[in-house]
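Visitor: Shown below is the structure under consideration.
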Amino acid sequence: MGAWWDRNIIDPGKLPLLLALAAFILAFVVVRGITRLIRAGKGPFHNLTPGGLHIHHAVPGVLLMVAGGFCAVGSGRQGIGAGIAAVVFGVGAGLVLDEFALILHLSDVYWTEQGRQSVEVVVMAAALGVLVLAGFSPLGVADVGPEEHDGRTGVIIGTLVNFCFVVVALLKGKPRMAVLGVLVPLLALVGAVRLARPDSFWARRFYHDRHRTRARATLRYYRRDRRWAGPRHRLENLIGGAPNPTASGARGPARK
């Protein structure tokens, strides 16, 4: 175990990444647990409202991200300073992304249906962290062998091709596949060649006069969303708590 740890974590300089990922997940779990207790009226926790101003936890999260990010840049990849900076950054990222939906909509949508976007982004960020920790590099450069490193042209072409796949997947309304496709090129390729979502930019631009294609896309994603919406929402509810049935996004005492 010790040899594996040194070979795969310490020697490649991945310990700060592991600490940041662990701190990120732990911070999200803790803050979600606290907000759910506040929402239920249990425990000693309560909203921070000095002078009537509601202080969202994204505020200290931003400060921690800035402090941890600058310290990480200055401390390098080794030493105790790098580890501390990684933990600080990870905690800040967990606090900020837990309120991603609030930042996106500029409204307190924490316990609404729109608030599910925060959980989705946190899961996506955690997945990206795990992939990078496992050795995946952006745009698949990790898969390039020694011979290909000698010929930079092949590396550049492969990178640009995968980047095009990522962009097409994003335009087709598949942000999850596009983001993960940055690290796993096959996902970007699948997202790029399959039908676009009917509400995406690609469908509006290229399916406007192709009625059969648009109908196929509409039917496909209607069936897929109907099949997976229930399990996805149950998983999101398990992770982040179920939204209020009548929540409108307005700030109020039941915010957390």
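Visitor: I'd like to verify a number: residues in segment 191-216 that are in contact with a helix residue (DSSP H, G or I) (Cβ under 7 Å, 6 or more places away or on another chain), open to solvent by less than 80 Å² (accessible area, probe 1.4 Å) and not basic (Lys, Arg), how many?
Guide: 9
Visitor: Exactly one condition in (1) surrounded by fewer than 13 Cβ atoms within 10 Å (Cβ to Cβ); (2) touching a residue at least 40 places away in the same chain (Cβ under 8 Å) is false for His56; which is it?
Guide: The single condition His56 does not satisfy is (1).
Visitor: Which numbered condition trips up Gly76, out of (1) over 24 Å from Ala127 (Cβ atoms); (2) touching a residue at least 24 places away in the same chain (Cβ under 8 Å)?
Guide: For Gly76, the failing item is (2).
Visitor: Just checking, does segment 9-18 include any residue being open to solvent by 70 Å² or more (accessible area, probe 1.4 Å), modelled with pLDDT under 90, of a type in the set (Lys, Arg) and assigned to a loop (DSSP other than H, G, I, E, B)?
Guide: no
Visitor: Something else now. Scan segment 221-228 and tell me whether some residue there is open to solvent by 60 Å² or more (accessible area, probe 1.4 Å), of a type in the set (Phe, Trp, Tyr) and touching a residue at least 12 places away in the same chain (Cβ under 8 Å).
Guide: No, segment 221-228 contains no residue that is open to solvent by 60 Å² or more (accessible area, probe 1.4 Å), of a type in the set (Phe, Trp, Tyr) and touching a residue at least 12 places away in the same chain (Cβ under 8 Å).
Visitor: Return the only residue of Gly69, Gly81 being farther than 30 Å from Tyr110 by Cβ, without any contact (Cβ under 8 Å) to a residue 40 or more places away in the chain, open to solvent by less than 50 Å² (accessible area, probe 1.4 Å) and part of a helix (DSSP H, G or I).
Guide: Among Gly69, Gly81, only Gly81 is farther than 30 Å from Tyr110 by Cβ, without any contact (Cβ under 8 Å) to a residue 40 or more places away in the chain, open to solvent by less than 50 Å² (accessible area, probe 1.4 Å) and part of a helix (DSSP H, G or I).
Visitor: For Ala125, state whether it is touching a Cys at 6+ places or on another chain (Cβ under 7 Å) and not in a loop (DSSP other than H, G, I, E, B).
Guide: No: the conditions fail for Ala125.
Visitor: Scanning segment 229-241 for residues that are in contact (Cβ under 8 Å) with a residue 12 or more places away in the chain and in a helix (DSSP H, G or I), which turns out surrounded by the most Cβ atoms within 10 Å (Cβ to Cβ)?
Guide: Per the criteria, the residue is Gly240.
Visitor: Output the residues belonging to segment 92-130 that are open to solvent by 40 Å² or more (accessible area, probe 1.4 Å) and either among the basic types (Lys, Arg) or touching a Pro at 6+ places or on another chain (Cβ under 9 Å) (or both).
Guide: Residues satisfying the conditions are Glu113, Gln114.
Visitor: When you look at Val179, is it touching a helix residue (DSSP H, G or I) at 6+ places or on another chain (Cβ under 9 Å) and open to solvent by 30 Å² or more (accessible area, probe 1.4 Å), yes or no?
Guide: Answer is yes for this residue.
Visitor: In addition: Mind listing just one residue for me: the one in segment 198-228 that is part of a helix (DSSP H, G or I) and under 21 Å from Leu104 (Cβ atoms) and, of those, modelled with the highest pLDDT?
Guide: Among residues in segment 198-228 that are part of a helix (DSSP H, G or I) and under 21 Å from Leu104 (Cβ atoms), the one modelled with the highest pLDDT is Phe201.
The values are calculated or read from the model by the stated rules, or taken from the named source; none is laboratory data. Since this is a predicted model, take the numbers as computed values, not measurements. Ideal geometry is used to build each Cβ from the backbone, glycine not excepted, and the neighbour counts take in all protein chains shown. The protein model used for the area step is the full one, side chains on, heavy atoms only, and it has no ligands, DNA or RNA in it. Shrake-Rupley method; radii C 1.70, N 1.55, O 1.52, S 1.80 Å.
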